[in-house]
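I have placed the structure first, in the form of structure tokens, so that the comments after it can refer back to it.
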Amino acid sequence: MKKATKLMLVAGVSLAVVGIGNSGAFSNVSSAASAPLKVGRVEAAAHGKKCFTVAVAVVQNGVIVAASLDDYQFLSSDVAKGVPNSDTDFGQNYKDPNMVLASKKANNEYYSEHMKEEANSTVSYDKNMAAIEKYATGRTIKSLEASLKYKSKEQMVDAVSGATLVDTEGYLTAILDAAKAAK
């Protein structure tokens, strides 16, 4: 995904530069394309106390150019696929052998059905995450920070088209923290 994002950014900038010729109107665009991509990754408690979130942000010149989220939670081994090595030595440390640490994205079908049953969710887990990632992508760190500062938790759910998660604010905060940590 990182390579594809960078390639799309470079292609877009190249087309823009070719399109304007030597006018120099967008001379800062070509320097923006040469700015390094920085990657930040954080672990957060974006969604309650029973799981943890891993957020990744790719930043260029203070702009989030890509974001990725996933939650990890202990789920029943008869319905969920655990993280790598859950069925070997790593898995021997689980308190309950019938549970595995699992990615919600990797278990999207099961987890989405669970969300539907427990909270009447009409949007699948992966589509919620994609909408939140899309909302953050293209925003400056300062812009995202301002949105989170001045909008309520409920307003953040409404701000992200396509996402219905009550913890949308928590997920966006995790992306912001990852963007700030980018190196």
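Laboratory data are not the source of any read-out in this text; all were calculated from the coordinates shown. As the structure is a computational prediction, the values presented were derived from the model and not from experiment. Positions of Cβ are backbone-derived with ideal geometry, glycine not excepted, and every protein chain shown enters the neighbour counts.
Restricting the chymotrypsin sites (Phe, Trp or Tyr not before Pro) of the range 63-130 to loop positions (DSSP other than H, G, I, E, B) with no more than 16 neighbouring Cβ atoms within 10 Å leaves Tyr94. Highest mean packing first, where packing is the average number of other Cβ atoms within 10 Å per residue, the peptides 79-87, 175-183, 147-155 line up as 175-183, 79-87, 147-155.
Taking 0.36 nm per residue of separation and subtracting the Cα-Cα distance, full extension of the segment from Val123 to Leu37 would add 27.8 nm.
Counting only residues at least eight positions apart within a chain, or on another chain, the lysines with an alpha carbon under 22 Å from that of Lys38 are Lys2, Lys3, Lys6, Lys134, Lys142, Lys180, Lys183.
Shape summary: the range 82-183 maps onto an equivalent ellipsoid whose semi-axes, from the alpha-carbon gyration tensor, are 30, 19, 11 Å in decreasing order.
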